[in-house]
Each structure stands twice: as C-alpha cells, then as structure tokens.
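The structure appears right after this line, and notes come after that.
The values are calculated or read from the model by the stated rules, or taken from the named source; none is laboratory data. Because the structure is predicted, anything quoted here is derived from the model rather than measured. All Cβ positions, glycine included, derive from the backbone under ideal geometry; neighbour counts span all protein chains shown.
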Amino acid sequence: MTSVVEWKEEGMEVLVERCAGLDVHKDTVQACVRVPGSDGRETHQHEFGTTTRELLALRDWLSAQGVTLVGMESTGVYWKPVYYILEDAFECHLLNARHLRNVPGRKTDVKDAAWICQLVEHGLVRPSFVPPKPFRELRNLTRYRKTQIEEHTREAQRLDKILQDAGVKLSSVASDICGASGRAMLAALVEGTRDAAVLAELAKGQLRRKIPALRDALEGRFGHHHSLIVSSILAHLEFLDEAIDRLSEEIGEAIAPFGLAVEMLRTIPGVDRRTAEVLVAEVGVDMDRFGSPERLASWAGLCPGNNESAGKRYSGRTRKGSKWLRAALTQSAKAAARTKDTYFAAQYARLKGRRGYGRRHRRRRPLDPGGRLPRPRPGNPIPRTRRRSLPAPPRPRPPGHQAHPATQYPRVSRHLDPIQAA
C-alpha cells in the first residue's frame, strides 16, 4: 500500500533533500520517503516484508525515489538484514531508539516512519557505530565462542553438583575436576569402577601427592542414574571443547589481517590473545571514527554520565554499552590488578582502600549507631542504606502507675525481633 502526501513546510532547514525513514519490525518494514515536490515536500509511504525478496523490492523502490540517505531504528536484531541489503546502495544510518522519542499518545507504524524520516531530513540525530563486514563476522565468531565458554563453565558446575549428590568430594581435593586426572576418574566411575583406591591411582602429575585424600573423597553412593548423567555431561564437555577449538582456529584465520593490532593490544597488562581478539572484533582498528579516547570510553559505556539540573549534580549512571566489550575489559582490569610492578596494579592498590575490592564485594553493617537500616533492593543482594530513626525509648512512669490492660504489653517495633522486644 502506497500513499502520497504533499504539503508546504516552513521553519527548519532541510539538510537532506531525498531521505527515507524505516520503522523495522520482525515481519514488516514501514518505509517513508520525503522528496522535493512542486509546492513544498512530498511524503511517500509504503510497507514491505522482511524476506530477502521483499527487501530487494524495498531497495529498488528507494532507488526509484532517488533516496541518498536511509535512517532506521535499531530494533533488536531485526535491523540487520535490512541494513546489510541497503548499505551497498545507500548511505545508511542506524539510529539509537533513545534518540527517537516522539510525543506519546498517537503512535503508529506510519507515524514512526515519518518521524524518523523528518529527524534524518533535518539532521537531528547521529548514527550509531556499525563496524564493516569483516569485523561483523569477527563479532559473530567471538561472541559465539564466548557463549560456548560460558556453557562449558555451567556444565562443569552441573557435573560438580551431581558428584556432590553422589557423595563424591572430588572437587574438595582436585582444583579442576575436568582436567586429565578428573576425567580419567570420572570415566572409570561411569564404566563401573567403585573402588576408591583404584580410582585414586588414576591421578596424574601433582595430584598424585594427594592420593590419600583422593581415596577418602572418592568414597560415595555413585548409582546408576549418576552414571547416566555424568556420562552425558562428559560427552557434552568434549563437544564444547571441540567447538571452542574450531571457533578459535576460525577466529585466528579471520583476524590474521589485523595481527599487528592484536599484538599491540597484548602489550597492555592484563590483555591476553583471546581478549585482544574480542577488542578488535568489537571496536575495530580505525580509531578516527571515535575522535578521542574519552569518546571511545563513553561509547563502550565505561564512564559516568552527566546529570545536572538547577546547579545540582545528580547520579550520572553509566550508559548501557556492549555487554561483550564490557565483560572483556572488566576481565582484563581484574587481571591487570594482579600484575607486578605496573601502573594498573599501583592504581588499583591506591583505590582499593577507599573504594574496596569491587562494588559487588562491598559490605555494610546491618545496623550502625547512626541509625542506618538496610533496605533490600530487587535483584541486588547488597542492601543500600537509608537513614531512619530508631524506635523511641519508653516514657518514664510515676511510681504506682497502673497501665491500662490494653496497653500493658510493650510495643513491638517492626525493626526488632518480637522476642527481643518483649
């Protein structure tokens, strides 16, 4: 369905003569084009699907309208196929949804597309960073490898839980139950060996020093259902190890043209090769697009924001950046804090006494003399404190005073244990 509207506008300067705005959804794309008309500006509206054939029709329709700039909202992952098909034919701008707020109350797909088109037409929004195709492929590989590594960790934790259920305390003696010694013992358990002395003799390397402790730890109630679950977990762990190795090899081949950048990043304390690969995939190698280190830190969501009104500064919480980049940088920062004779280690030691080991490890007393009581927050196990007054002490009564039966029991504060209050 196509609609054409023509009207004359006065006021704001038109920076883009022929532009388009796309409101992208999972199954549909609402397109709006604004071009010069006989008397003012013309608006053309059309709805397309999201299949490849429909997106190619969208590209042909935009070309017929003479569009030079296309703006679209970053809707989940649904913008990607639209962007990838149009980027070769037009200049495409991916727009942050926070920058596209419109007056609420009259929201439709048609009006959203027209609003995006008007913002692009007058140059009121800035495009988000979309890396070139080689780095997008690297992103997919590194992010999927990260998910497989996390799944490997979860599966190893499930293995320890089922061993605890069977009374096998292997993790209390061996630091890595998925190592060569641990897997040999678990494979023997699955095959039917229950003699703790025989299982302990399968230890290798430094773990052989703990054979007496292993004999005690491997005594348990390992049954048939434990054997079935452990065998399934071990098979899954082997599959994940192979998948991670294949992904690492593919990443090594894809990142070979940027090997110099990887080696330069590895000179930073706390950055290993895997982290350097993630940094290159997430940020790229062209730093001119960011302009300065401060802008790069702001884009990554690792610096506080500004929130000032009427001369007062309020909490400027960190914006939401890439969770993949944040995880890699946080891991590198913790590793750099443990290095020797480096600036990062010295800076961490200087701040540790004032800020603590980390916000997630910060603790507060449940009740201090200043009358600060904890208030739990949803999703945060560390309660923040709020100043409240303690319950007032009882007023003194004259000698021989008889209390009314309804008031002869002491008042119980909701902040105290009723037994203590009584």
Condition check for LEU124: of a type outside the set (Phe, Trp, Tyr), surrounded by 12 or more Cβ atoms within 10 Å (Cβ to Cβ) and farther than 17 Å from GLN30 by Cα
yes
Write out, first by first residue and then by second, each pair whose Cβ atoms fall under 8 Å of each other, whose residues are 6+ apart or on separate chains, and whose first residue, in segment 149-164, is assigned by TED's automatic domain parsing to the domain that holds HIS225 and assigned to a helix (DSSP H, G or I) while the second is small (Gly, Ala, Ser) and surrounded by 15 or more Cβ atoms within 10 Å (Cβ to Cβ).
ASP160/SER171; LEU163/SER171; LEU163/GLY220; GLN164/SER171
Determine if segment 225-247 includes at least one residue that is acidic (Asp, Glu), in a loop (DSSP other than H, G, I, E, B) and closer than 30 Å to VAL173 by Cα.
no
For segment 233-246, give me the residue count where each residue is of a type outside the set (A, V, I, L, M, F, W, C), closer than 23 Å to LEU189 by Cβ and surrounded by fewer than 15 Cβ atoms within 10 Å (Cβ to Cβ).
3
Look at LEU95 and say whether it is at pLDDT below 90, within 21 Å of CYS19 (Cα to Cα) and of a type in the set (A, V, I, L, M, F, W, C).
no
Residue list for segment 311-344, restricted to those being assigned to a loop (DSSP other than H, G, I, E, B) and loosely packed, with under 13 Cβ neighbours inside 10 Å:
GLY311, TYR314, SER315, GLY316, ARG317, LYS320, ARG338, LYS340, ASP341
Members of segment 172-200 found to be buried (at least 16 other Cβ atoms within 10 Å of the Cβ) and more than 19 Å from ALA235 (Cα to Cα), listed by number:
VAL173, ALA174, ALA196, LEU199, ALA200
Those residues of segment 60-87 that are more than 17 Å from THR28 (Cβ to Cβ) and surrounded by fewer than 14 Cβ atoms within 10 Å (Cβ to Cβ) come to a total of 5
